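J.: Can you keep this structure in mind? I'll have questions shortly.
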Ligand SMILES: CC(C)(COP(=O)(O)OP(=O)(O)OC[C@H]1O[C@@H](n2cnc3c(N)ncnc32)[C@H](O)[C@@H]1OP(=O)(O)O)[C@@H](O)C(=O)NCCC(=O)NCCS
């Protein structure tokens, strides 16, 4: 018998909201990336609306959490705020939580595209098994409120200076219409993870390369901008190449 209970959050779980927020903050600090800030009230609201999944021990102690958010008038939904208590990691609990919240999302929003952005290899692995595919940011929601959530991330300047075209996170999307049409193999994360790790290193190299401090003269003033556009162009070409490689390998 499993040592955990994974279920849609109920009123009895409202008391866990503070602890959940604390763990979210701690893990953001530890990873040095930062995540969208959530207040205990926001977490409670998700629980009350039946849009959250919580994992606890048999005795009711907090183990993990994730919730549903909808964007672009419900055209897109995201399963956000995934967190597992450090004492319970690597035991398959995130996989169970994500499966549960995915099933709940499909039930509540059957026609919506489900997406996520992440730097976490574990999350990419779990999402791939659920049928998500890696996509460019342009295929994700353009709802400003979603992207505003990135403002508390330490890499936010990368997102803004690339006009939301790219950042350290990888975008992943589950499109129910596509899935229905061609029931393709899920993206094979195990096969592709080495490729992904190299891709992430490349992204860091390109995105964190700073333009030169001072232009030599007035005419040089636009060069940093040009360099930035060049980088965006090179990055876009390579992103397409990576997409093709993954598609051909699948
Ligand atoms: C990311 C996180 C939710 C994973 O939780 P978890 O319960 O340890 O994950 P699971 O045990 O269900 O593992 C799922 C898969 O990812 C793999 N995995 C887990 N941690 C990993 C890591 N750090 N690096 C690479 N793979 C990892 C597991 O081996 C497993 O793969 P398998 O299916 O082949 O066995 C947890 O580490 C966490 O809460 N981190 C801090 C918050 C965070 O990063 N949230 C995600 C924001 S997008």
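J.: Among (1) under 12 Å from the mean Cα position of the chain (by Cα); (2) over 30 Å from residue 93 (Cβ atoms), there is one condition residue 142 misses while meeting the rest; what is its number?
T.: Going through the list (1) under 12 Å from the mean Cα position of the chain (by Cα); (2) over 30 Å from residue 93 (Cβ atoms), residue 142 breaks only (1).
J.: With (1) modelled with pLDDT of 80 or more; (2) more than 18 Å from the chain's Cα centre (by Cα) as the list, and residue 149 as the residue in question, which single condition is left unmet?
T.: Evaluating residue 149 over (1) modelled with pLDDT of 80 or more; (2) more than 18 Å from the chain's Cα centre (by Cα) leaves (2) as the failure.
J.: So, in the range 104-137, how many residues would count as being part of a helix (DSSP H, G or I) and modelled with pLDDT under 95?
T.: 1
J.: Looking at the range 51-80 only, could you name the residues that are free of Cβ contacts under 8 Å to residues at least 40 places away in the same chain, out of contact with any strand residue (DSSP E or B) (no Cβ under 8 Å at 6 or more places or on another chain) and within 14 Å of residue 6 (Cβ to Cβ)?
T.: 61
J.: One residue is enough: does the range 13-23 have a residue meeting the conditions near the ligand (Cβ under 9 Å from one of its atoms) and more than 17 Å from residue 122 (Cα to Cα)?
T.: Taking every residue of the range 13-23 in turn, at least one turns out to be near the ligand (Cβ under 9 Å from one of its atoms) and more than 17 Å from residue 122 (Cα to Cα).
J.: I'd like to verify a number: residues in the range 21-42 that are surrounded by 13 or more Cβ atoms within 10 Å (Cβ to Cβ) and under 18 Å from the mean Cα position of the chain (by Cα), how many?
T.: Total meeting the criteria: 12.
J.: Then there's this: Quick one: count up the residues across the range 96-114 that are away from the ligand (no atom under 15 Å from the Cβ) and either in contact (Cβ under 8 Å) with a residue 24 or more places away in the chain or under 16 Å from residue 173 (Cα atoms) (or both).
T.: 10
J.: On to the next question. Only one of (1) within 16 Å of the ligand (Cβ to nearest atom); (2) under 20 Å from residue 208 (Cα atoms) is not met by residue 163, so which one is it?
T.: Just one mismatch for residue 163, condition (1).
J.: Starting from the range 166-183, keep only residues that are closer than 14 Å to residue 153 by Cβ and part of a loop (DSSP other than H, G, I, E, B), then list their pairs with residues that are at pLDDT 90 or above and away from the ligand (no atom under 16 Å from the Cβ) whose Cβ atoms are within a distance under 8 Å, requiring at least 6 positions of separation or different chains.
T.: If the second residue must be at pLDDT 90 or above and away from the ligand (no atom under 16 Å from the Cβ), the pairs left are 166/136; 166/158; 167/158; 168/158.
J.: Confirm whether residue 172 is crowded, with 16+ Cβ neighbours inside 10 Å and within 16 Å of the ligand (Cβ to nearest atom).
T.: Criteria met by residue 172.
J.: What number of residues within the range 104-126 satisfy the criterion of being under 20 Å from residue 143 (Cα atoms) and buried (at least 16 other Cβ atoms within 10 Å of the Cβ)?
T.: Of the residues in the range 104-126, 9 are under 20 Å from residue 143 (Cα atoms) and buried (at least 16 other Cβ atoms within 10 Å of the Cβ).
The values are calculated or read from the model by the stated rules, or taken from the named source; none is laboratory data. Only a predicted model underlies this, so the values are computations on that prediction, with no experimental measurement involved. Counting neighbours? That spans all protein chains shown, and the Cβs are built from the backbone with ideal geometry, glycine included.
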